[in-house]
1. I'm trying to understand the selection: among the residues of the stretch 350-377, which are within 16 Å of ligand 2 (Cβ to nearest atom), touching a Ser or Thr at 6+ places or on another chain (Cβ under 6 Å) and in a loop (DSSP other than H, G, I, E, B)?
2. Among the candidates Tyr320, Tyr409, Tyr325, Tyr349, which residue alone is modelled with pLDDT of 95 or more, touching a helix residue (DSSP H, G or I) at 6+ places or on another chain (Cβ under 7 Å), closer than 25 Å to Gly29 by Cβ and among the hydroxyl-bearing types (Ser, Thr, Tyr)?
3. From the list Ala128, Ala55, Ala82, pick out the single residue that is among the small types (Gly, Ala, Ser) and exposed (fewer than 15 other Cβ atoms within 10 Å of the Cβ).
4. Exactly one of these conditions fails for Asp116: (1) out of contact with any Gly (no Cβ under 6 Å at 6 or more places or on another chain); (2) without any contact (Cβ under 8 Å) to a residue 24 or more places away in the chain; (3) not in a helix (DSSP H, G or I). Give me its number.
5. Give the residue that is farthest from ligand 2 (Cβ to nearest atom), with candidates limited to residues of the stretch 55-83 that are under 24 Å from Tyr192 (Cα atoms), of a type in the set (S, T, N, Q) and assigned to a helix (DSSP H, G or I).
6. Among Asp52, Asp44, which is the only one that is in a helix (DSSP H, G or I) and farther than 19 Å from Phe457 by Cβ?
7. Taking the stretch 391-439, which residues are touching a Gly at 6+ places or on another chain (Cβ under 6 Å) and among the acidic types (Asp, Glu)?
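The values are calculated or read from the model by the stated rules, or taken from the named source; none is laboratory data. This one's a predicted model, so the numbers in the text were calculated from it and none came from an experiment. Every residue, glycine as well, gets a Cβ built from its backbone with ideal geometry; the counts of neighbours run over all protein chains shown.
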Amino acid sequence: MGALKVLVFFGVIVGCLSAKQFPENFLFGAAGASYQIEGGWDADGKGLSMWDVFAHTPGKIKNNDTGDVACDSYNKYKEDVAILKQLGLKVYRFSISWPRILPKGIPTEINQAGVDYYRNLIKELKDAGIEPLVTLYHWDLPQHLAELGGWLNPRIADYFGDYARICFELFGDQVKYWLPLNEPGTTCVHGYETGDLAPGLPLSGEGIYQCAYVHVLAHAKAWHIYNDEFRSKQGGKVGFNNVCFWFYPKSNNSEDIEAQTRAMEFGCGLYANPIYNGDWPQVVIDRVAYRSKKEGYSFSRLPTFTEEEKQYINGTSDYYGLNMYTSYLVEALADESFDSPSLEQDLAYNSTADPSWAHSASEWLNLDPPGIRNVLNYVNEKYNPGEIVVTENGWSDNGELDDQGRVTYLKGYLSNVLDAIVEDSINVIAYTTWSLMDNFEWNQGYTQKFGIVQVDFDSPNRTRTLKSSAEWYKRVAAAKEIVD
Ligand SMILES: *[C@@H]1O[C@H](CO)[C@@H](O)[C@H](O)[C@H]1NC(C)=O
Ligand SMILES: *[C@@H]1O[C@H](CO)[C@@H](O)[C@H](O)[C@H]1NC(C)=O
Ligand SMILES: *[C@@H]1O[C@H](CO)[C@@H](O)[C@H](O)[C@H]1NC(C)=O
Ligand SMILES: *[C@@H]1O[C@H](CO)[C@@H](O)[C@H](O)[C@H]1NC(C)=O
Ligand SMILES: *[C@@H]1O[C@H](CO)[C@@H](O)[C@H](O)[C@H]1NC(C)=O
């Protein structure tokens, strides 16, 4: 063996030893959501959702953009599936539009064109060897139900149960991974506390907790319906989807460490703890009760679960669907006044980004790759969820094709997911990056681009073009390791 051959041989061995692999059956995929990609907002019998109404209200969305056409996936879903296949991806997370199936949200009328759309999409995916991971509700509540009080009305849990049952009946023979809800925390904070997302109600300090309560009941109802009526014949899994960011204390003072606990429990725990442990986090119960009393209420602004409800919600998740983008530093703030109830005052911390983290085009999205490994360890220890799917994560830019910022971010993030699997023995079974395509980014309209595939929103064809990140991700999915 010559010296060069020895070097090459040595290099191959070191390469094999150092390249950590994702498990053989790990699924790489991509994600999207009905209102953000489908368009066809009033096509073929679809009913109105609260997002149609919100986006049609001038001044709510940047540039007054709407999801009326979006990526036109209602017509172009075959192209979407062809791209997933071309990239070698094995799982696609998409959501069903509730009012496309039930125009008013109620079971009296089922819209056959909507049913056909999703059955066709699922068939196209299965034929391409791609597993559908289906979200039942990604924020497009039927407007009729929004008018009935939306997520403030506990009866919405019953309406949601009827809708979930219909979806399990219609699609459950083909779908093995369900997520009833998407990010209840985002809806409750932005829809019912600050009001900058639909339904746009700034009910500071009160709406958020009622909204959280109704979401928990709705999720549990869908899980029980699946468990009692479908699990034995369909054999799928119903997971809880939740967004959990990571919070570092800004200092090691006890106040900042308590602020970190509050940040995790009001963010992640408010929704996960009821589902996994049967009640709100104690920190949240104590804090909202304390402030409510000082504010003059005779009760806590946080609703109380009855014993029966605690039993009903406890343990209603078969896997954890984790949406995780980034981290923040938190610094404790003192209680200053008790004259205006708000989540901000309940939280009592100031959150900032570490100046060393790179910033995406989105004001809230910084680059902190280790954050995901911290959250995976936190969720695993606290909730013991069995399997975890990272159901959302991604990077926002201005839509450039050579998106090296996204590649750098995903590389760092996936390296930390891999470390959590290999070093920390956490059972992460899949990753669906947000998002497959540039799309309607809620109140940011089309100004924030999260896709690994570019969409030309100026062309009636909504032409799709792979970005550098898509080419890179394709090689990661094929090699099952982090490649350059
Ligand atoms: C949005 O629509 C409102 C009402 O028509 C108008 O006043 C406003 O200038 C529009 N905003 C943009 C960015 O076009
Ligand atoms: C807090 O203490 C930990 C453990 O000693 C250390 O890693 C971390 O850097 C400290 N944080 C700050 C902000 O000083
Ligand atoms: C939830 O279930 C777990 C496991 O059975 C149990 O330990 C816990 O006490 C229950 N939580 C409540 C609030 O009942
Ligand atoms: C939060 O922190 C930022 C950055 O350090 C600072 O500019 C701001 O004044 C702080 N806000 C409060 C309410 O303390
Ligand atoms: C749209 O696609 C059709 C069919 O591929 C093509 O003929 C047409 O030129 C395209 N139009 C634009 C504006 O890209």
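1. Once the filter is applied, which keeps residues that are within 16 Å of ligand 2 (Cβ to nearest atom), touching a Ser or Thr at 6+ places or on another chain (Cβ under 6 Å) and in a loop (DSSP other than H, G, I, E, B), the stretch 350-377 yields only Asp368.
2. Result: Tyr320 is the single residue among Tyr320, Tyr409, Tyr325, Tyr349 that is modelled with pLDDT of 95 or more, touching a helix residue (DSSP H, G or I) at 6+ places or on another chain (Cβ under 7 Å), closer than 25 Å to Gly29 by Cβ and among the hydroxyl-bearing types (Ser, Thr, Tyr).
3. Only one candidate qualifies: Ala82.
4. Of the numbered conditions (1) out of contact with any Gly (no Cβ under 6 Å at 6 or more places or on another chain); (2) without any contact (Cβ under 8 Å) to a residue 24 or more places away in the chain; (3) not in a helix (DSSP H, G or I), the odd one out for Asp116 is (3).
5. Among them, the one singled out is Asn64.
6. Numbers: Asp52 fails: farther than 19 Å from Phe457 by Cβ.
Every option except Asp44 fails the conditions.
7. The answer is Asp397, Asp438.
Yes/no matrix, rows are residues, columns are (1) more than 18 Å from the chain's Cα centre (by Cα); (2) in a loop (DSSP other than H, G, I, E, B); (3) more than 16 Å from ligand 4 (Cβ to nearest atom):
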site	(1), (2), (3)
Val379	no, no, yes
Lys382	yes, no, yes
Leu401	yes, yes, yes
Gly405	yes, no, yes
